[in-house]
Amino acid sequence: MWIDSHCHLDFIINEKNSIEELTKINNPNIDYIICPSADDSSFKKLIDLNKRNSKIQYAFGYHPLFLEGKDPDVIQKLVVYIEEYNPIAIGEIGLDFYVKNFNKDKQIIFFEKQLELASKYNLPVILHVRSAIDHVINILKRFPRIIGVAHAFNGSFQQAEILIDMGFKLGFGGAMTFERAKKIRMLAKELPLNSIVLETDAPDMNPAWLNPQESNHPSQIQFISEFFSEHRGLSLNDLSWQLKKNINEIFVFNKAIV
Ligand SMILES: [Zn+2]
């Protein structure tokens, strides 16, 4: 019924809890879980998870906050994995200027190099953008064929419209479930429904109803979707149909690799 368009399942599942966790996601409310990687230490783990359950779909990339100690040459590893394992997207990539001057130049180099790969291999991208939307938009203008998802969108209405015009869907999740998140709630209500995807970003971004000791989980996508259907005044069936259509405009899912 629902697709979690952004989840770090590799940060949730470990050797001890894997059977229990894989059983939990095997419920009919979850159709797919899109799992971007933070860096190459996730690549193999995500491939293995996909082998165990084909609901789990992987993307490969270097997250802007995981570049410490990495040289841009490491991107060669990404090329090998793209060619060998056919990810559904390049991600999670982008810019995070929230912490002032944190690796700014390096982030830009990694972002641009990974966009070049997305272009070369004709893959969508999963974007992480914080305090850098205009920078990201300016760089994306040089790659007009690239489409994708801007996860956890938190920009202005105008920035949203620019990204939508460029072929991007915007991801909404736990943040919009808080009453104080006025701007995100407004965006989630007003933006065209065909430009939105929903996500948990688990284990982060708890929705309002989880208490802080609990950690977020992809099974929350059902409740986030229910919240959103009420927020927009839509039936669950109509919403589910539209969200699947939106996802299918960006991603082509892999079958399990056997
Ligand atoms: Zn993420």
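The values are calculated or read from the model by the stated rules, or taken from the named source; none is laboratory data. From a predicted model like this one, the values you see are computed outputs, not experimental measurements. Reconstructed Cβ throughout: ideal geometry from the backbone, glycine too, with neighbour counts over all protein chains shown. In case anyone asks, the SASA skips ligands and DNA or RNA and just uses the protein heavy atoms, side chains included. Shrake-Rupley method; radii C 1.70, N 1.55, O 1.52, S 1.80 Å.
Counting only residues that are in contact with a Gly (Cβ under 9 Å, 6 or more places away or on another chain) and not in a loop (DSSP other than H, G, I, E, B), which one in region 48-89 is farthest from the ligand (Cβ to nearest atom)?
Among them, the one singled out is LEU78.
Give the residue that is farthest from ALA89 (Cα to Cα), with candidates limited to residues of region 114-137 that are part of a loop (DSSP other than H, G, I, E, B) and more than 15 Å from the chain's Cα centre (by Cα).
Within region 114-137, the match that is farthest from ALA89 (Cα to Cα) is SER131.
Could you pull out the residue among GLU161, GLU179, GLU190 that is over 25 Å from GLN222 (Cα atoms) and open to solvent by 80 Å² or more (accessible area, probe 1.4 Å)?
Step by step, each of GLU161, GLU179, GLU190 is checked, and only GLU161 is over 25 Å from GLN222 (Cα atoms) and open to solvent by 80 Å² or more (accessible area, probe 1.4 Å).
Mind counting the residues in region 73-111 that are within 18 Å of the chain's Cα centre (by Cα) and of a type in the set (D, E, K, R)?
Of the residues in that region, 2 qualify.
Quick check, is ASP48 closer than 13 Å to PRO218 by Cβ and charged (D, E, K, R)?
Against the criterion (closer than 13 Å to PRO218 by Cβ and charged (D, E, K, R)), ASP48 does not qualify.
Looking at (1) within 16 Å of the ligand (Cβ to nearest atom); (2) open to solvent by 10 Å² or more (accessible area, probe 1.4 Å), find the lone condition where ASP4 falls short.
Unmet condition: (2).
For a quick check of your reading of the model, give me the residue pairs whose first member lies in region 144-166 and is more than 16 Å from ASN248 (Cα to Cα), whose second is in a strand (DSSP E or B) and at pLDDT below 95, with beta-carbon atoms closer than 6 Å and at least 6 apart or on different chains.
Listed by first residue and then by second, the contacts come to nothing, as the list is empty.
Please enumerate the residues belonging to region 98-115 that are farther than 12 Å from LEU78 by Cβ and open to solvent by 30 Å² or more (accessible area, probe 1.4 Å).
Scanning region 98-115 gives TYR98, VAL99, LYS100, ASN101, PHE102, ASN103, LYS104, ASP105, LYS106, ILE108, ILE109, GLU112.
Specify which of the listed residues (ALA150, ALA118) is surrounded by 20 or more Cβ atoms within 10 Å (Cβ to Cβ), touching a Phe, Trp or Tyr at 6+ places or on another chain (Cβ under 7 Å) and among the hydrophobic types (A, V, I, L, M, F, W, C).
Result of the check over ALA150, ALA118: ALA150.
Confirm whether LEU170 is surrounded by 19 or more Cβ atoms within 10 Å (Cβ to Cβ), away from the ligand (no atom under 15 Å from the Cβ) and of a type outside the set (Phe, Trp, Tyr).
Spelling it out, it is not the case that LEU170 is surrounded by 19 or more Cβ atoms within 10 Å (Cβ to Cβ), away from the ligand (no atom under 15 Å from the Cβ) and of a type outside the set (Phe, Trp, Tyr).
Is at least one residue of region 207-214 crowded, with 16+ Cβ neighbours inside 10 Å and within 16 Å of the ligand (Cβ to nearest atom)?
Within region 207-214, one or more residues are crowded, with 16+ Cβ neighbours inside 10 Å and within 16 Å of the ligand (Cβ to nearest atom).
Where residues in region 18-47 are assigned to a loop (DSSP other than H, G, I, E, B) and either away from the ligand (no atom under 16 Å from the Cβ) or of a type in the set (A, V, I, L, M) (or both), which of them is nearest to the chain's Cα centre (by Cα)?
So, considering only residues that are assigned to a loop (DSSP other than H, G, I, E, B) and either away from the ligand (no atom under 16 Å from the Cβ) or of a type in the set (A, V, I, L, M) (or both), the one nearest to the chain's Cα centre (by Cα) is ALA38.
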